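Computed from the coordinates by the stated procedures, all read-outs in this text should not be read as laboratory data. Only a predicted model underlies this, so the values are computations on that prediction, with no experimental measurement involved. Please note: Cβ atoms are built from the backbone with ideal geometry, for glycine as well, and neighbour counts cover all protein chains shown.
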Amino acid sequence: MAANKDAIQRDEHPLAAEPHPIRPTRPLRAPAPPKPSSAFMKLLTFKKAEGPIADFPSEQKVSARTIWLIVAALVGVGLAIALAVLAPRWWAGAPAPQVGQLAIISQPTGAEVIVDQQPRGVTPLTLSLPSGAHTVLLNRGDVSRSFEVNIKAGAEVLHHVDLEPRQLVAQGGQLVVTSDPPGVRVSVDGQARGVSPVTVDDLTPGQHAVVIHGESGSVQRTVTVQRGQTASLVVSMGQGGSFGWVSLTSPVVMQIFENDRRLGTSETDRIMMPAGKHTLKIVNTRLGYQRTQVVQVPAGAAASLKVDLPDGVVNLNALPWAEASIDGRRVGDTPLANLRLPIGEHEVVFRNPQFGERRQTFLVTASEPTRVSVDLRK
């Protein structure tokens, strides 16, 4: 037992039985840091990347061409923005075309219209013309009329043109020969022209020799004929040759008749007539004017007559309404009735603050009231 006990005691303390050898101790060192990998070293360096990472834009060098393209793009964007902002203002400030309307009505219709030497159509005709002065020419057969018109922006001008052939020959003149007593033979420039009273047409402008052959002899006179006018010659075949003249002054052209025989017009300076009392008829068919005048023609002198045009009646209306002015004088707001104006041509201007201005010419006659109406909404 004692042996076992000693054995057990030896087993419980083995070191005591066989002590291990003790190694000499070394001083402790801090653990060495791990060696950085090659990839990490590349990240810490500023060397230009190689391989796939070189494809990134941040790794590429920006060229001069690229810089210019960027600058050009920025300039283009700036110009586009400026145009978008300024262009509407520029277009809004551009002046609108300044035009007006010209309406032409002729009697008879179908006349060729030439404006500023350019054919524009036939009457009745309405044209849009630039504002300002224009020259208008109308041709129908052998009859021509021309006039100047001033167009205002936004306004309409209406012209009525009479293209009826005039009694006077445009290229020459006329000569009316009367005698006391009547019924004597008349020759002009050696050519027989009938018996008095007689009207000789197609005489060239200038002087002409007129011979009146009566029972008691012949009387010769020299007459001057003017282009487009009527000259008058009255010869007394009795002793002393007593005659005189009549001179007619009128604002418009008047025809002069005696016993339904045309003696001449107010355009003739003097009309030769036998001395004594005469009953003359003064007529303008277009204006509906007719007047009878008794005149005493003195021997060797002239009797002067003057025509004072009577008033006619005009009625004005405009839709929806307008302020009206006639020949530059304000007459009131439409509708206007029974306005009295001297017979002849006049111009009316209609003005409406919403629909603008409209001009129109019209003719006042002595025979019936004249009606002028316009729709400013059209």
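Calculate, in nm to one decimal, what Ala153 and Leu79 gain on full extension: separation in residues at 0.36 nm each, minus their alpha carbon distance. Don't skip to the answer; put the middle values down first.
Numbers: separation 74, 0.36 × 74 = 26.64 nm, distance 3.67 nm.
23.0 nm is the gain from fully extending Ala153 to Leu79.
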| message | Just to verify a number: FRET efficiency for Gln293 and Asp269, C-beta to C-beta distance, R0 = 22 Å, to 0.05? | response | 0.75
| Segment Val99-Arg286, extension gain: residue separation times 0.36 nm, minus the distance between their alpha carbons | 64.0 nm
| field | Segment Asn338-Val71, extension gain: residue separation times 0.36 nm, minus the distance between their alpha carbons | value | 88.3 nm
| field | Distance cut-off 20 Å, percentage of C-alpha pairs in segment 239-378 lying past it | value | 56 percent
| Which of the peptides 176-183, 107-114 is most tightly packed, and how do the rest follow, judged by the mean count of other Cβ atoms within 10 Å per residue? | 176-183, 107-114
| message | Given a Förster distance of 41 Å, report the FRET efficiency between Gln207 and Thr249 from their Cβ-Cβ distance, rounded to the nearest 0.05. | response | 0.95
| field | Label-point gap, in nm, between Glu347 and Asp142 - each point 7 angstrom along Cα→Cβ | value | 3.3 nm
| request: Report the dimensions of segment 99-162 along its three principal axes from the alpha-carbon atoms, largest first, rounded to Å. | output: 33, 19, 16
| message | Between Gln191 and Lys277, how high is the FRET efficiency from 1/(1 + (r/R0)^6) when r is the Cβ-Cβ distance and R₀ = 35 Å? Nearest 0.05. | response | 0.55
| request: Could you list the square roots of 5 times each eigenvalue of the Cα gyration tensor of segment 192-305, that is, the equivalent ellipsoid semi-axes, sorted largest first and rounded to whole Å? | output: 24, 18, 13
| message | In segment 280-323, whose amide N lies under 19 Å from the spot 7 Å out along Cα-to-Cβ of Arg377? List them in ranges. | response | 317-323
